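A.B. asks: Dumping the structure here so I can ask a few things about it.
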Amino acid sequence: MTNRFLRITFLLVGLGLLYPVLGSADTPKPVIHEPEGEGVKCVHPEEEMKRNHMNYILHQRDDTMYDGIRTEKHSLANCIDCHVQPGKDGKIASIETEEHFCKGCHEYAAVTIDCFECHADRPQKFINRGGKNNASLQQDLQTMLSAGTASGDQ
Ligand code: HEC
Ligand code: HEC
Ligand code: HEC
């Protein structure tokens, strides 16, 4: 009786341990499309960006990191300008799809961000005007911040 109980327990524990391994075998590694072109480099070395890209762009770190002063270098628009370009078919991947530079990895790592509810997921030059302007963006941000639901508030 005890033996059988133990065996079942081991089996269950074993399955539990295997689950992440089996689970991740189903999830292919994300394909990351990087900007091409001679001499095109990220704003920081690749390893630094992999690990710390969020620190450069998150709103709530502004005070401590930049004292509210933004540089174009760390602007989200700048990241998007360089990283998001039309594919071979001339279409630009939307943030909803894993072909978008910011989405593939996040989907893989189960990270969710809401930045693109307000920010454009494609370079300005590909946006047809008449959509959100900065004034309505500002308003959305104020509403969101005062409700304390801004992403990354941890
Ligand atoms: C509720 C709307 C809203 C959300 C959500 C939001 N932002 Fe913003 N963000 C703004 C507004 C408004 C500005 C100031 C206007 C501007 O500069 O475009 C701004 C400015 C910025 C800037 C400086 C300007 C620029 O283009 O880089 C960065 C960086 C930024 N946001 C990053 C983020 C990131 C990262 C997220 C997600 C974690 C995020 N934002 C989510 C509204 C939002
Ligand atoms: C002028 C073009 C350019 C700009 C602007 C730029 N990047 Fe990059 N980024 C690159 C290139 C090219 C790479 C590939 C590594 C390299 O050569 O530096 C890269 C790599 C990365 C990686 C690592 C991807 C991987 O394969 O692991 C991340 C994350 C990243 N960038 C995020 C950002 C963010 C966030 C911003 C805005 C703060 C930004 N980048 C601005 C060109 C750019
Ligand atoms: C190389 C893979 C990769 C790419 C490309 C990438 N991210 Fe991330 N990102 C991650 C991982 C992994 C995390 C979670 C890191 C952690 O929790 O320590 C993360 C976290 C974040 C966070 C913080 C989320 C939170 O709530 O704490 C933000 C904001 C973010 N990424 C924005 C972006 C934006 C914007 C882009 C595109 C310009 C981008 N990332 C591209 C892998 C990536």
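A.B. asks: For 126, 116, what's the largest-to-smallest order of accessible area, 1.4 Å probe?
C.D. replies: Result, largest first: 126, 116.
A.B. asks: A further question follows. Once you list every other residue whose beta carbon is under 15 Å from the beta carbon of residue 40, what net charge do they have if Lys and Arg are +1 and Asp and Glu are -1?
C.D. replies: With Lys, Arg at +1 and Asp, Glu at -1, the neighbours total -3.
A.B. asks: Something else: Might you work out the accessible area of residue 97 for me, using a 1.4 Å probe with all protein chains in place, and round it to the nearest 10 Å²?
C.D. replies: Number for this one is 50 Å².
A.B. asks: Related question: Modelling each spin label as a point 7 Å along the Cα-to-Cβ direction, I'd like the residue 71/residue 142 distance in nm, to one decimal.
C.D. replies: Computed distance between label sites residue 71 and residue 142 equals 3.0 nm.
A.B. asks: Could you put 73, 91 in order of accessible surface area, largest first, with the 1.4 Å probe and the full protein assembly present?
C.D. replies: Ranked list, largest accessible area first: 91, 73.
The values are calculated or read from the model by the stated rules, or taken from the named source; none is laboratory data. No experiment lies behind these values; they were computed from the predicted model shown. Cβ: placed from backbone, ideal geometry, glycine included. Neighbour counts: every protein chain shown. Accessible surface is based on the protein model in full, side chains and every heavy atom, while ligands, DNA and RNA are left aside. Shrake-Rupley method; radii C 1.70, N 1.55, O 1.52, S 1.80 Å.
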